[in-house]
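Remarks on the structure that follows.
Any read-out appearing in this document is the output of simple, stated calculations on the displayed coordinates, not a laboratory observation. As the structure is a computational prediction, the values presented were derived from the model and not from experiment. Cβ placement follows ideal geometry from the backbone for every residue including glycine, while neighbour counts extend to all protein chains displayed.
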Amino acid sequence: MSASSAFNDEKGGSSSVGEPEYGHDPASGGIFSSDYKRHDDLKEMLDSNKDALKLEAMKRIVAMIARGKNASDLFPAVVKNVACKNIEVKKLVYVYLVRYAEEQQDLALLSISTFQRGLKDPNQLIRASALRVLSSIRVTIIVPIMMLAIKEAASDMSPYVRKTAAHAIPKLYSLDPEQKDQLIEVIEKLLADKTTLVAGSVVMAFEEVCPERIDLIHKNYRKLCNLLIDVEEWGQVVIINMLTRYARTQFLNPNINESLLEEGGGGDKTFYCSDEDEDEDEEKEKQAEVSALAKRKPYVMDPDHRLLLRNTKPLLQSRNAAVVMAVAQLYFHLAPKAEVGVIAKALVRLLRSHSEVQFVVLQNVATMTIKRRGMFEPYLKSFYIRSTDPTQIKILKLEVLTNLANETNISTILREFQTYIKSMDKDFVAATIQAIGRCATNIGEVRDTCLNGLVQLLSNRDELVVAESVVVIKKLLQMQPEKHSDIIKHMAKLTDNIQVPMARASILWLIGEYCEHVPKIAPDVLRKMAKSFTNEEDIVKLQIINLAAKLYLTNSKQTKLLTQYVLNLAKYDQNYDIRDRARFIRQLIVPTEKSGALSKYAKKLFLALKPAPVLESPFKDRDHFQLGSLSHLLNAKAGGYQELPDWPESAPDPSVRNVEVPEWTKCSSREKRKEKKVEKPFYSDSEGESGPTESADSEPDTGSGSESVSVSVESGSPSDSEESEESSESDEDEEEEEKEKKKKKKEIKQMQASESEQSSEDDRKRDRKIKEQKSNSESESDEDSESESSQSESSDTESEVEVKKKKKVSEPKPPSKPLKKEKKEMSLLDLDDFEPTPSPQVTPVNTFLSNSLVTDLEGLSLSDSVLSPATIAPSSALKNYELLHRITGEGLSVEYCFSRQAFSPDANMVAVQMHFTNNATSDTKNLHIEDVKLQSGMRVKEFAEIELLPAGEATTAVMGVDFCDSTQAANFQLCTHTRKFFVSIQPPVGELMRPVFLTENEFKKEQSQLMGMNEISENLTLDAKCRNEHAIVQRVTTAANLSRVPCGSDKECRFAGKTVTSGSLVLATVATKDEGAAQLTVNCEKMVIGTMLVKDLLLALTQ
Amino acid sequence: MIHSLFLVNASGDIFLEKHWKSVVSRSVCDYFFEAQERATEPENVPPVISTPHHYLISVLRHRIYFVAVIQSEVPPLFVIEFLHRVVDTFQDYFGVCTEAAIKDNVVVVYELLEEMLDNGFPLATESNILKELIKPPTILRTMVNTITGSTNVGEQLPTGQLSVVPWRRTGVKYTNNEAYFDVVEEIDAIIDKSGSTITAEIQGVIDACVKLTGMPDLTLSFMNPRLLDDVSFHPCVRFKRWEAERILSFIPPDGNFRLLSYHVSSQNLVAIPVYVKHNITFREGSSQGRFDLTLGPKQTMGKAVEAVLVSSQLPRGVLNANLNPSQGTYTFDPVTKLLTWDVGKINPQKLPSLKGTMSLQAGASKPDENPTINIQLKIQQMAISGLKVNRLDMYGEKYKPFKGIKYMTKAGKSVSSYLFEFLFI
């Protein structure tokens, strides 16, 4: 603090800590040197090791930024503090960084590593904020890093981080549009997200990056509709606007019959005249009409279309004007005519909001009233103008009132208009007069009344009012000039007084046009005008020439000289336009020898009957812009505006929106359910469920793994009904699963055996792990203990098993595959028995079946294997490799396989099961291994010598090899009593690991620590037979000795294992996409293993 | 979405700028200044201005223009609504939203803006969440911070954003648990010269101040919910419950918030609580005009009409007014020609009146505009529509909260005009 006060003294003690100084603006000080000096102070403060000083310095700097002063020269000093512990300093540094990184790209790179570290933080909020800042730094060099970070965050467990990822997408896109394809992948992934938190943000990203990829929406359409009400308000706006566009491409026009009706002669007006009555009547009436028409062309609304309308309607009650407007435009563009009316009330409500809101809403209402006048008629009075309205609001309200005017309400509207004319706001008065004119043209009955009213205004003291009236009257008179010669006379008199050019021009035009109605006055007016010609405005001059020409044609006797005079004046006018006009008219009307045929037609040319002008609303046809959009407001296409497509002629296939498997029936882990609970829509509470409770996710520190899940009834309910909805594809799955289950029963015993064996060595480790993971909650340790107990249970039978194991060796393939499969399944079952597992009948086997039954079952399986001898094709689970061919081995053939069981004498060794068959006619004796040649570090545990292998017999033995986590071959000699054979065992990389059991959380955590170099990912196209989850699991587990990790998403399969020797983790993820595309990701500290594993897995999955 | 934000004061200076994407030069505001110059009144500046490369969307609040710069298509209401939310947040944080307050708290303002928008898209706009992120400055905290060097930034990151009730912060604790609800109704009416009502409507809001521990779940029911014609809710209100039972069921945010705003159906006749007798005349040729105004209460159900303020925009020709109020004080601004009369409470026994003469410009002809009269008033303990809260129940927590409901009627803020009319704003 002392240092800081010293600083204050330096500055004259005028600035207090925590309060940025405005008075001490260096620029206003005027001297640049002081500017420098000051920045030196700031640098000093930033370099100090006191947080208070740093904070003070940062506050000053931020204040500078806020005022738009340049603080970029401080960049090096500031960026150093990016890793500061003080959270406020850190935040302000972020603010600074984001502001100046673009200008100081090289220096900005210094900060990147901090954020990269933050991306791996266990706290979800820190991960999110790191991603947020990282993606806001507009430095092109870090695009790949951003891309990686976004991809990672998009599959983060925390919905908040995923939301941030969605926000980051448009940032990256604007920085480097080349990334579009990759970003679309991420968007696609995030669109499938089921949390409300993410929905709004990802749709926003969609709209900015790839609004044309409407196909990405299909699968998510229903989900978006259903989530909509719980999405935050800003997201709602974006989603609704996007869905409007979507619906326009996917559904049929619900008003198709009504438009037929209109064509058939039924007008809008008659249609709506009942509006003042009860809405219901109106609706019934319409429905009746619609149904009558339906016979002609049946229209059935797509249920998805209906879903959208139904789910957006409650949002009309939102407090957010933008949401209300979005729903209103959706209804206007998509709803059947009879239903559009519901939006009127909500829009009228918005008129009581801030004037800016009113401005926008009125613009949209004005457009709507042209097409659908009826729906606003009941609210006519809400558009009455208040003296305190800003002028622009008044004018818009006038517009709406004019649009709403019809025969029934015109008298009230006109009375209202009359009072407006007395307003002090002249712009508004002028607009009112124009509005009266429009009412008069549109509604024949009141035309005379209006005209009379306007004529009265001609005597108004305000010239602007008069001028405006003249212009409007001119337009009105064009409709029935013959009746109104007295008005024309009256106006002719006005030329003496009125000075506004537009009005003068209008009067002159009128007189010229209808000079036959006022034959006496017209020449006189021309005379006066000729006198003042030189002083008139251009627009008036042109009309004088016009008038002269017309009079010359009709009344040349009186006006010939005058016309000549005017034309002569015009000939020397300064304005070339007027000179041209004069020349042209002279040639046209004054017959000379040269002028040919044209002058004969002069009269026809000038005095042709002109069509009366149509006074139209400026809002007409604006509805081709999507309402509520900026483009609509400006009546011009704004950048990035997405056209609202026309309705399709015939509806595209609605089945594209079918989601094959309702995801939540598949939710396969507690993680998943937890998420679901969190996202349970708030509003659905009212449907009989208990009120929302604090969700598990709300504890920030355990964000990565808090498990306080109370089992929800919903997810525990049997999923039969949903499953029946599944497509045939999944039915097949089920059948397969069914088969699996049967197998399972048989093999449970084996599995348990292997488990228990494994557990013996793993237990200790696991125990330690449990202690380490104290943050994990009870339930998880429960699960651990549970599995332990199941192990101990099975240990009773262990001895038995061991005996049988030897037999089992003779048929090596079935045990291993289901073994892994089983392991996974069982762990899931252990996790919680509320799991809607697709194999309910198996569930009890694990938990309840007595040991004896288990043995029985196993006995069954064994007898099976006896029946089907060891010739079963080695295609499935365990692959047999040939060690010694029987020809080279002179009758002795040896095959080996990796049994995938722990090699009990040495845990670091891979168990290799050798299968010896003596095909020779003589016995083979003393089978053993000699002369082992190994790479350094590798070790071999030989099998015990086989004393005798009689002719025609077979036997097995197990040896252990420590491959030292490499695929180097182990070379040795296989010796019999007579011969030695050089053989080698080369392990496929998949066998160099053993499965480990991880929870999803642990997996995520571990994975996040194995990024960058340690991550290898490949895109692939899945083999046609291997497109379902089940097949993928099978193929991966066959290719590599990994165990499956429960996973929240059905699009992803995760596997984990660790290398046998070093115990490095090996994590594999297969993320599937549409059309068999998939992405394989392997994370492993040992890059060589990782690379090779990727190759192997690719092969396994694509063939 | 929103690129940048500029705050412009009444004299046309940019006193704060914030960019969420690439920096946009402040010269873009020149277009705004042009429009500002063209506009006769400050509120006449068009909310949306198109410039060659950008669009400017602005709102005017507390005599500060909040000018947002956008570059591509975005619903204008989206931006406008957001800007208003920003102003509301400032007001919430600093008590007032003035240039001075913003300048004094520029760092907090900056931090707030940073949190509210990410890449131009709103991130956290709920005040409960923001207050957890950035603590509002108080005198006490400022002092403590100065001494201890601690900060305004929350040490813990907010959790509300992640929960199903994003509007409520977690871990709320109070020793006194209280929930107050203010039912405030505003009448908007236009009355013509002869005293008959042209339009009249009632809008109401229920503002709540809820200070309850934990996660309370409240329900509020009305005696006469059918009065409510059109409603809009705070996001916390369960819409389906309202649709089905006409009950407001919600988990409230912590602190002050607007629970509901409503409109009373126009079928119900609106009782105007006061009447005005007026006689304002100008004689042709004379430079004097007479001004005579009397107010009286009407249909107030025995409640006193308070804080009455009458204002009238007199015609331009009026030079001065020499009036005599029976109670209260009046002022006349000869420049804007605005007459305001602060009446105070209306005593039914002795009706307030304002009488006197106006002097007109010599030789000017009789003004042909009619002045409008705007009246503001307040009636305590009465909601003019007759809306009554039936009961308030709390679930989910054990303690007994203290509950309070207050009714008030006001004249509206947005006034209207007629020949000779009373605008009740």
With a 22 Å threshold on alpha-carbon distance, the violating pairs from B:LYS350/B:LYS378; A:LYS422/A:LYS489; A:LYS397/A:LYS422; A:LYS528/A:LYS560; A:LYS1004/A:LYS1058; A:LYS120/B:LYS131 are A:LYS422/A:LYS489; A:LYS120/B:LYS131
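Restricting attention to segment A:506-612, which trypsin sites (Lys or Arg not before Pro) occupy a DSSP loop and are surrounded by at most 11 other Cβ atoms within 10 Å?
Of the trypsin sites (Lys or Arg not before Pro), the ones in loops of segment A:506-612 whose Cβ has at most 11 other Cβ atoms within 10 Å are A:LYS520, A:LYS594.
For segment B:286-359, what ratio Rg/Rh do Cα atoms give with a Kirkwood hydrodynamic radius? Intermediate values should be presented prior to the final figure.
Numbers: Rg = 13.4 Å, Rh = 13.1 Å.
That ratio equals 1.03.
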Phi angles of segment A:1009-1014, converted by Karplus (6.51 cos²θ - 1.76 cosθ + 1.60, θ = phi - 60°) into ³J(HN,Hα) in whole Hz with x for Gly and Pro, give 8, 10, 9, x, 4, 7
Expected sort for A:897-908, B:340-351 on mean C-beta neighbours within 10 Å, highest first, is A:897-908, B:340-351
The set of residues whose placed amide H lies less than 5 Å from the amide H of B:ILE134, leaving out same-chain residues fewer than 5 positions away, is B:GLY154
The answer for B:VAL343, listing residues at least 5 apart or on another chain whose modeled amide H is closer than 5 Å to its amide H, is B:VAL308, B:LEU309, B:VAL310
One can check that the equivalent ellipsoid of segment A:1043-1091, built from the alpha-carbon gyration tensor with semi-axes equal to the square roots of five times its eigenvalues, has lengths in Å, largest first, of 23, 13, 6
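Give a quick list of trypsin sites (Lys or Arg not before Pro) in segment B:164-222 that DSSP marks as loop, anything other than H, G, I, E or B, with at most 15 other Cβ atoms within 10 Å. Before the final figure, lay out the partial values.
Details: sites: B:ARG168, B:ARG169, B:LYS173, B:LYS193, B:LYS211; in loops: B:ARG168, B:ARG169, B:LYS173, B:LYS193.
Listed in order of number, the matching sites are B:LYS173, B:LYS193.
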Whole-Hz Karplus couplings 3J(HN,Hα) for segment A:561-567, θ = phi - 60° and coefficients 6.51, -1.76, 1.60, Gly and Pro as x, run 5, 4, 4, 4, 4, 4, 5
Along principal axes, largest first, the alpha-carbon spread of chain B in whole Å comes out as 74, 56, 46
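Arrange the following residues from fewest to most other Cβ atoms within 10 Å of their Cβ: A:LEU243, A:LEU609, A:LEU567. Present the calculation step by step, with values, prior to reporting the outcome.
Values: A:LEU243 23, A:LEU609 6, A:LEU567 20.
Ordered from fewest to most neighbouring Cβ atoms within 10 Å, A:LEU243, A:LEU609, A:LEU567 come out as A:LEU609, A:LEU567, A:LEU243.
What does the structure give for B:38-46 when I average, per residue, the other chain Cβ atoms found within 10 Å of the residue Cβ?
On the way: counts 0, 3, 5, 3, 1, 8, 8, 3, 5.
Per residue, the average neighbour count from other chains is 4.
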HN-Hα couplings for segment A:114-128 via Karplus (6.51, -1.76, 1.60; θ = phi - 60°), in whole Hz with x for Gly/Pro, come out as 4, 6, 4, 5, x, 5, 9, 4, x, 7, 4, 6, 6, 4, 4
By the mean-Cβ-within-10 Å protection proxy, highest first, B:389-398, B:317-326 rank as B:317-326, B:389-398
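Just the ratio, please: alpha-carbon radius of gyration of segment A:184-264 over 2.2 N^0.38 Å, N its number of residues. Before the final figure, lay out each step's value.
Values: Rg = 14.8 Å, N = 81, 2.2 N^0.38 = 11.7 Å.
The reported ratio for this selection is 1.26.
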For chain B, longest principal axis from Cα atoms; helix B:106-116 axis from its Cα atoms; angle between them, nearest 10 degrees, is 70 degrees
Any chymotrypsin sites (Phe, Trp or Tyr not before Pro) in segment B:1-84 that lie in a DSSP loop and have at most 14 other Cβ atoms within 10 Å would be none
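Inside 10 Å of the C-beta atoms of B:118-130, what's the mean count of C-beta atoms belonging to other chains? Before the final figure, lay out the partial values.
Values: counts 9, 14, 5, 11, 8, 7, 1, 4, 2, 0, 0, 0, 0.
If you average over the peptide's residues, the count of other-chain Cβ atoms is 5.
Listed here are the pairs A:LYS520/A:LYS603; A:LYS85/A:LYS180; A:LYS520/A:LYS541; A:LYS194/B:LYS135; B:LYS173/B:LYS403; which of them are more than 26 Å apart at the Cα? Each step should come with its number before you reach the end.
Numbers: A:LYS520/A:LYS603 19 Å; A:LYS85/A:LYS180 36 Å; A:LYS520/A:LYS541 21 Å; A:LYS194/B:LYS135 32 Å; B:LYS173/B:LYS403 17 Å.
Distance filter (> 26 Å) returns A:LYS85/A:LYS180; A:LYS194/B:LYS135.
Using Cβ counts within 10 Å as a stand-in for footprinting exposure, how do A:CYS210, A:CYS1026 rank, fewest first?
Working: A:CYS210 18, A:CYS1026 22.
Placing the least packed residue first, the sequence is A:CYS210, A:CYS1026.
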Most fluctuating of B:GLU178, B:GLU41, B:GLU115 in the GNM of chain B (C-alpha, under 10 Å) is B:GLU41
Among B:SER22, B:SER249, B:SER287, the residue with the largest mean-square fluctuation in a Gaussian network model of chain B built from Cα contacts under 10 Å is B:SER22
Per residue of A:386-396, other chain Cβ atoms within 10 Å number on average 6
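Calculate, in nm to one decimal, what A:THR412 and A:LYS381 gain on full extension: separation in residues at 0.36 nm each, minus their alpha carbon distance.
Values: separation 31, 0.36 × 31 = 11.16 nm, distance 0.98 nm.
Contour length minus the Cα-Cα distance gives 10.2 nm.
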